[in-house]
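Engineer: This is the structure I want to talk about, given as structure tokens.
The values are calculated or read from the model by the stated rules, or taken from the named source; none is laboratory data. Owing to the predicted nature of the structure, the values given are computational and were not obtained by experimental measurement. Glycine gets a Cβ as well: all are built from the backbone with ideal geometry, and neighbour counts include every protein chain shown. Remember, those area values only see protein heavy atoms, side chains included, never the ligands or the DNA or RNA. Shrake-Rupley method; radii C 1.70, N 1.55, O 1.52, S 1.80 Å.
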Amino acid sequence: MLKEFREFAMKGNVVDLAVAVIIGAAFGAIVTSMVNDIIMPIIGAVTGGLDFSNYFVGLSKNVTQTNLADAKKQGAVLAYGSFFTLVMNFVIVAFVLFLVIRTMNQFKRKEEVKPAEPPKPSAEVELLTEIRDLLKKS
């Protein structure tokens with residue numbers, strides 16, 4: 001097992017994995033900031049400041065609080081608002097990324113040039129094509 005791990009590490013896979021984890025963590029921080037600091041305030045302004053993260057259902061009879069943090073201290077709660085907020089954040093980020101990628105693809109398509117017409121076949125090629133066609137007919 002140690003030999004396999006050494007071979008794995010020597011091939012550079014560990015370094016690639018480490019770089020991917022670091023880039024993923026940085027991207028995650030950027031996306032979290034974009035959602036929390038840019039997108040959600042705009043959505044909050046449009047929806048009138050709705051905050052779903054505080055929605056919950058008490059699973060215990062002891063839960064009488066209306067605030068999620070206080071309700072968790074009293075007993076078991078099903079905090080579906082937090083889940084809904086995360087799903088909504090995911091959908092928003094996915095939609096924004098879709099729009100960005102779609103726009104980039106449209107710019108890329110405009111830059112693409114139609115391929116040039118193939119050159120006219122030489123006299124030798126035309127003669128060989130005629131001979132082939134005549135042979136097929138006979």
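Engineer: Residues of segment 18-40 being open to solvent by less than 70 Å² (accessible area, probe 1.4 Å) and either in contact with a Cys (Cβ under 8 Å, 6 or more places away or on another chain) or not hydrophobic (A, V, I, L, M, F, W, C) (or both), which ones?
Structural biologist: Correct list: G24, G28, S33.
Engineer: So is T85 surrounded by 10 or more Cβ atoms within 10 Å (Cβ to Cβ) and within 29 Å of I42 (Cβ to Cβ) or not? Give the steps one after another, and end with the answer.
Structural biologist: On the way: surrounded by 10 or more Cβ atoms within 10 Å (Cβ to Cβ): yes; within 29 Å of I42 (Cβ to Cβ): yes.
Criteria met by T85.
Engineer: For the subset of segment 1-40 comprising residues that are charged (D, E, K, R) and in a helix (DSSP H, G or I), which member is nearest to S53 (Cα to Cα)?
Structural biologist: This residue is D37.
Engineer: Determine which single condition M40 fails, assuming it passes every other condition in (1) among the hydrophobic types (A, V, I, L, M, F, W, C); (2) closer than 27 Å to V100 by Cα; (3) modelled with pLDDT under 80; (4) in contact with a Phe, Trp or Tyr (Cβ under 9 Å, 6 or more places away or on another chain).
Structural biologist: (4)
Engineer: From the set of residues in segment 75-129 that are outside any helix (DSSP H, G or I), aliphatic (A, V, I, L, M) and closer than 25 Å to V57 by Cβ, which is nearest to the chain's Cα centre (by Cα)?
Structural biologist: That would be A79.
Engineer: Let me ask something else about it. In segment 59-81, which residue that is touching a Leu at 6+ places or on another chain (Cβ under 8 Å) and open to solvent by 40 Å² or more (accessible area, probe 1.4 Å) is nearest to V96 (Cα to Cα)?
Structural biologist: Looking only at segment 59-81, we keep the residues that are touching a Leu at 6+ places or on another chain (Cβ under 8 Å), and these are 59, 75-79, 81.
Narrowing the set further to residues that are open to solvent by 40 Å² or more (accessible area, probe 1.4 Å) leaves 59, 76, 78.
On the way: L59: 36, A76: 36, L78: 30 Å.
Only one residue tops the list, namely L78.
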